[in-house]
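Notes to accompany the following structure.
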Amino acid sequence: MSTRLLDPAVPVEAHAGERLAGAPVIWLGTVAPDGRPHTVPVWFTWDDPKVTIFSRPDTAKVGHLRAHAAVSVALDTAEEGTDVVTGSGKAVLTELARVERALDAFGRKYAPVLGEQPLDAWLMTFSLPIVVTLDRLVAWRSTSAGLEYRSLPSAG
């Protein structure tokens with residue numbers, strides 16, 4: 001089990017965790033072999049410190065990950081750009097049998113969007129799990145009390 005990044009007792013960290021759990025899309029950044037950045041929106045689940053994504057196996061992001069596991073992630077900003085969550089870590093391409101817990105959470109999260117389409121049918125296309133283990137998370141938001149900022153893990 002990986003060490004959690006967020007402490008739910010710290011307001012800015014609890015807020016970041018809520019956003020990560022509920023946001024429909026996270027932006028995944030990979031690096032092409034020529035060094036060019038490649039960023040795409042993806043559906044995901046969050047289980048601190050892991051982001052699990054399901055992809056078509058033939059996408060550019062998967063090709064990039066086969067060569068270079070380092071990635072970045074970012075949620076869309078909220079509150080007119082004053083509520084930000086970004087992170088970085090390493091991605092692993094894995095098998096469906098290894099992500100059953102994330103798959104269950106994914107099915108619950110996206111059931112309203114999938115409508116009548118069963119998750120099993122959706123997985124026939126998006127069959128490759130990508131598990132990103134974040135080793136860094138940065139969150140900040142503006143509140144009536146001022147700026148709340150966290151860079152995790154924190155030094156010391």
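Derivation of every value follows stated rules applied to the coordinates shown; laboratory data play no part. Every value quoted in this text rests on a predicted model; they were computed, and no experiment measured them. As a convention, Cβ positions derive from the backbone with ideal geometry for all residues, glycine included, and neighbour counts pool all protein chains shown.
What's the longest piece of the chain with no exposed GluC sites (Glu not before Pro), counting a site as exposed if DSSP puts it in a loop and it has at most 16 other beta carbons within 10 Å?
It works out to 1-94.
Using only Cα atoms, find the angle between the long axis of helix 11-22 and the longest principal axis of the chain, and express it within 0 to 90 degrees, rounded to the nearest 10.
Between the helix axis and the principal axis of the chain, the angle is about 20 degrees.
With the cut-off at 1.5 for a/c, could you classify the range 11-141 from its C-alpha gyration tensor as rounded, prolate or oblate?
oblate
Return the long-range amide H neighbours of Asp47 (sequence gap of 5 or more, or a different chain), with a cut-off of under 5 Å between placed amide H atoms.
Thr52
What residue among Ala74, Ala23, Ala102 has the largest mean-square fluctuation in a Gaussian network model of the chain, using Cα springs under 10 Å?
With Cα springs under 10 Å in the chain, the top fluctuation among Ala74, Ala23, Ala102 is at Ala23.
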